[in-house]
1. Just how much of residue 60 is accessible, in Å², when a 1.4 Å probe is used and the result is rounded to the nearest 10?
2. Quick check: residue separation of residue 100 and residue 73 times 0.36 nm, minus the Cα distance between them. What number comes out in nm?
3. From the Cα gyration tensor of the stretch 23-92, with a ≥ b ≥ c the square roots of its eigenvalues, which class applies: rounded if a/c is under 1.5, or else prolate if a/b is larger than b/c, or else oblate?
4. Quick one: if the Förster radius is 35 Å, what FRET efficiency do residue 8 and residue 55 give, using the C-beta to C-beta distance and rounding to 0.05?
5. In square angstrom, rounded to the nearest 10, how much accessible surface does residue 96 have for a 1.4 Å probe?
6. Measure off, as a whole percent, the carbon and sulfur share of the 1.4 Å-probe accessible area of the stretch 52-104, all protein chains present.
Amino acid sequence: MKKYLMLAAAAGLLATSITTAEAEPGGCLKYGAAGAVGGHVANHHGFLGAMGGCVTGMYVRHRYRKEARAKAALYDKEHPGAKGTYSEKATAYDVEHSTSPGQMNSTPPGTPATTPEATPAQPQ
């Protein structure tokens, strides 16, 4: 009985110590853990999956930060002398221009994407 009580207390302590999620995407730890699980399921290659997931996570975070710096630069052009970090300026740019993290241009909800992959081929 003491064992289950200690496990419940440890689980409760762990649940309360978890911080809130950040606005940035995962990174090496999050993607690496998912890759390790996927690699383990795929013929017990957990280490390779973790390495691939870590590389993917670092790339996704790099791409996110690069876009945030670009949005901060656009915000600085519109508001010269604005103070704050690049992530705060990128968030302010998202709010003003109705964009979301991960896309530079705003698209109203319900409109289809206009990428070449999304448009059907025209019959000739």
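1. Here the residue's solvent-accessible area equals roughly 30 Å².
2. Details: separation 27, 0.36 × 27 = 9.72 nm, distance 1.63 nm.
Extra length available between residue 100 and residue 73 comes to 8.1 nm.
3. In terms of gyration-tensor shape, prolate.
4. Values: r = 38 Å, r/R0 = 1.07.
Once the sixth-power term is evaluated, E becomes 0.40.
5. Probe radius 1.4 Å; accessible area of residue 96 about 90 Å².
6. Working: 1990 of 3420 Å².
Result for the stretch 52-104: 58 percent of the exposed heavy-atom area is carbon or sulfur.
The values are calculated or read from the model by the stated rules, or taken from the named source; none is laboratory data. For clarity, every value in this text was computed on a predicted model and none was experimentally measured. All Cβ positions, even for glycine, are placed from backbone atoms using ideal geometry, and neighbour counts span all protein chains on display. Calculation scope for accessible area: heavy atoms of the full protein, side chains included, ligands and nucleic acids excluded. Shrake-Rupley method; radii C 1.70, N 1.55, O 1.52, S 1.80 Å.
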